[in-house]
Amino acid sequence: MVLAIEQAYKLMHSHFRDRVCRNEPLTRHCSFEVGGPADLWVALETHEELETLLRLCATHQWPLLLVGAGRNVIFADAGVRGIVARMDLQQYEIEDHRNGTATLIAEAGVRWPQVLHQVIPAGWAGLEFGIGIPGTLGAGLASNAGAHNQELGQALEWIEVLDARNCNTHLGDPFPTLVTRRYDRDDLDLGYRHSRFRINRYTHLDVQGNLIFPIRQLIEPAEIVVKLGLRLRREDPQQLAARCNGYIEERRADEPPLPRTGPIFKDPSGHLAKDLIAEADLRGKTFGKAQIAVQNPNYIVNTGGTTAREIFSLIVEAHQGVLKHAGIELALNVDILGTWPGRP
């Protein structure tokens, strides 16, 4: 395996130069600050680089995991075998329709704060609800991220996806078919923290608290969001800024300041997960250096040097505690990635 990694490193280095890293600590790429090493790590900056990597992986049968900013994931303590590539495609433009509306055309690696710092002072509304969301627009669309009773899907007009599913079915093919497809909003099965891109990619907890993993393909995900068209509308910049400031204050009151991720669980119908966890008397519960947040029990914080195993132990305790106390089975909102015991 070491020799295979060295061979892959040399081939990748010829394309991506010093952006390729061996044994990269995933603690650097996860808001929880946990996770073991990725065999190989690379940041992709262009659509052409993405296609190059996909073809290399298909030809040599290298496992590839594509990620965004790592804001709502837990990487395993054992890390990730194969290649982890971050989508850093960050170009965007505003297409002004001259009728009080515009379309923000953004690559998948654009981060919410990055674009909001431009559109809000310019008086473009429609995405300001995401002012406190630190992740990328591409990953946000896959999970239909939202806040303040609004979701990214509500602003979506269309997306472009690079379909690499042939890489998973034609192993060893140096020229797998890569197709760019365009989808309208109604094609995506958007719902609460859901899109069709999450189907068959969820990790579940069963009633005993065991992780049920999806089967990992060579390329994950095989349908890769590369570009989004998002609807904007004209609004007074001062009113926009005031609303954003209000959203920021709400988030500060609700989210713990330490390294953390969350919400850990989706809110079940008619309930808030944070209230259910608090009612199960788990607010502030600790395991090692991980803690169920006092401020919002649907977050788990790293108090300093925690591990993925410790965090997962608290996730299971919260899941089982709510099931026992309220008879409600909470569904995970975070992605659990990497080499975990029992993962296929």
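The values are calculated or read from the model by the stated rules, or taken from the named source; none is laboratory data. These figures come from a predicted structure and were not determined experimentally. FYI the Cβ positions are ideal-geometry reconstructions off the backbone, even for glycines, and counts take in every protein chain you see. Just so you know, the surface numbers come from the protein's heavy atoms only, side chains and all, with ligands and any DNA or RNA stripped out. Shrake-Rupley method; radii C 1.70, N 1.55, O 1.52, S 1.80 Å.
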Below 11 angstrom from the Cβ of I224, what's the summed charge of the other residues (Lys, Arg +1; Asp, Glu -1)? -2
Among G82, G321, G100, the residue with the largest mean-square fluctuation in a Gaussian network model of the chain built from Cα contacts under 10 Å is G100
What's the carbon and sulfur percent of segment 42-195's accessible surface, probe 1.4 angstrom, rounded to a whole number? 46 percent
What number comes out for accessible area per residue over segment 186-306 if the probe is 1.4 Å? Units Å², please. 50 Å²
If you stretched the chain out fully between R17 and A242, how much longer would it get, using 0.36 nm times the residue separation minus the C-alpha to C-alpha distance? 76.6 nm
Quick one: how many lysine pairs does the chain have with C-alpha atoms less than 22 Å apart and a gap of 8 or more or different chains? Give me the count, please. 7
I'd like the carbon and sulfur percentage of the solvent accessible area for segment 245-344, probe radius 1.4 Å, heavy atoms only, ligands and nucleic acids excluded. 50 percent
Modelled FRET efficiency - R0 22 Å, H170 with I215, Cβ distances, 0.05 increments: 0.75
Honestly segment 222-332 on the Cα gyration tensor test (a ≥ b ≥ c root eigenvalues; a/c under 1.5 rounded, otherwise a/b vs b/c for prolate or oblate) is just prolate
Quick note, segment 42-137: a/c under 1.5 would make it rounded; otherwise a/b > b/c is prolate and the rest oblate (a ≥ b ≥ c, C-alpha gyration tensor); here it is oblate
How do the peptides 106-115, 208-217 rank, highest first, by the average count of neighbouring beta carbon atoms within 10 Å per residue? 106-115, 208-217
Give me a comma-separated list of calculated 3J(HN,Hα) values for segment 237-246, in order, Karplus coefficients 6.51, -1.76, 1.60 applied at θ = phi - 60°, integers in Hz, x for any Gly or Pro. x, 5, 5, 4, 4, 5, 5, 4, 4, x
Quick query: amide H of T261 versus all other amide H atoms, modeled in the peptide plane; which residues come in under 5 Å with a sequence gap of 5 or more or a different chain? I300
Translational diffusion of the chain, µm² s⁻¹ [Kirkwood Rh, Cα pairs; Stokes-Einstein; 25 °C; 0.890 mPa s]: 117 µm²/s
Shape of segment 274-344 from its Cα gyration tensor (a ≥ b ≥ c, root eigenvalues): rounded if a/c is under 1.5, otherwise prolate when a/b > b/c, or oblate? oblate
